[in-house]
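Down below is the structure, laid out as structure tokens.
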């Protein structure tokens, strides 16, 4: 007999971007382990990135309750409608930075607080109808946890607080004042103390919570971001034997290392002009317009291509066609291991990461045969790309640089991770049912 999990998450298909993959993976595979899902999520046009192709991965039996509007971003998008309702995947960094600064001062814990309040009401209405056995809230945005907390108390349901990333406004985005920082810490602690189970995606975040005696979390378990095995690896974009192709897939916002890559390519081509005919960089994903402008200013037109949002399947094809996969993280994401890293390793292509050696994601890159250079530094990156380019130039081009898939990767498929989550949910519900 199946139980039902109510999932509170803002990002869910047809919205796109990296934040969609974890909740989608859970809800895709949990039914196989005895947990049907009801998802309370944002409206279909409440984010600037969409991927309609991901809708096919949602099981037919999954109940999806969409709560449109209510966030600062959805309000801004509403002021700038597109005739077809779609998104270009290109945005003004200055405009969104101004919106972010305003929300940091006025909205706690984040600009999704208004949406979370509306989602809480929608979730309560669904719970009243019956059949829900447990609640899972998954962040970012952290507002979803504050919506789940009163639901768990009101209805007496087991509650799992899942963190794809640590509390955003204490780590990636610094609070504007000491008062804001104190409020954010108190909100985080409320969640950690009230949740029946706290799930984190990395060893670093798990360690930080366990070492912080004041965090107050009842129980912390780690379930990695993981990946979906490529369903059609033979359908990758053909590798061009005449071009050395760098590939990055993912969101390019609040990420200075995009410019580090552009400047490194500019430096490399200045000392190896002949490489202008050979080197190409494909950057697939939503991006801030300033990065594309910077590429043009550095004379990289025709060499660096900002592709904008692509379907997840197409992103995987680009990964498999790469001669060198580039990885970076936004500042403040020290505890994060991007889901794209698992996809990169599944693609079995060489990885070059702009990460410190002691970074958890950096260790995984190096242990899997990849290379790390310090983030924010143009010269070491230019040297590393040059070395890979020369090895490609001197080798059997179409097959140069193939990397072995690490054996541990099989334990990180989203199906296996969902099985682990189902086991934790079973234990919570069983414990709740004991007299």
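What follows draws every value from the coordinates through simple rules; no lab data is involved. As the structure is a computational prediction, the values presented were derived from the model and not from experiment. Cβ sites come from the backbone with ideal geometry, for glycine too, and all protein chains shown count toward neighbours.
Annotations
- Chain lengthening between residue 394 and residue 124 when straightened (0.36 nm per residue, less Cα-Cα): 90.9 nm
- Here the label points at residue 430 and residue 174, each 7 Å from Cα along the C-beta direction, are separated by 4.7 nm in the simple model.
- Taking the longest Cα principal axis of the chain as reference, the axis of helix 378-394 is set at about 60 degrees.
- Only DSSP H runs of four or more residues enter the estimate; each adds -39500 (n - 2.57), and after division by the residues of the chain the mean residue ellipticity at 222 nm equals -12500 deg cm²/dmol.
- Using a simple spin-label model with pseudo-atoms 7 Å out from Cα toward Cβ, residue 66 and residue 212 lie 3.5 nm apart.
- Rounded, prolate or oblate (a/c below 1.5 giving rounded, otherwise prolate when a/b exceeds b/c) for the range 99-176 by Cα gyration tensor: prolate
- Cα-Cα pairs of the range 323-396 separated by more than 17 Å (percent): 41
- Put the Cα centre of the range 22-68 next to the Cα centre of the range 288-350 and the gap is 25 Å.
- What the pair-distance distribution of the range 233-409 shows, using all Cα-Cα distances binned every 10 Å from zero, is 10, 41, 40, 9, 0 percent.
- Stretch gain in nm, segment residue 190-residue 106, where the contour uses 0.36 nm per residue and the Cα spacing is subtracted: 28.2 nm
- Helix 93-106 axis versus longest C-alpha principal axis of the chain: approximately 30°, rounded to the nearest ten.
- Highest mean packing comes first when the peptides 291-301, 45-55 are listed by Cβ atoms within 10 Å, giving 45-55, 291-301.
- DSSP beta bridges confined to the range 233-409 are antiparallel in about 5 percent of cases.
- Options (i) 1.06; (ii) 0.99; (iii) 0.97 - which one matches Rg/Rh (Cα atoms, Kirkwood Rh) as calculated here: (iii)
- Among 422-430, 243-251, 60-68, 168-176, the order from most to least packed when residues are scored by Cβ within 10 Å on average: 243-251, 168-176, 422-430, 60-68
- Antiparallel content of DSSP bridges confined to the chain, in %, to 5: 5
- Degrees separating the helix 113-128 axis from the principal Cα axis of the chain, which is the longest one: 50
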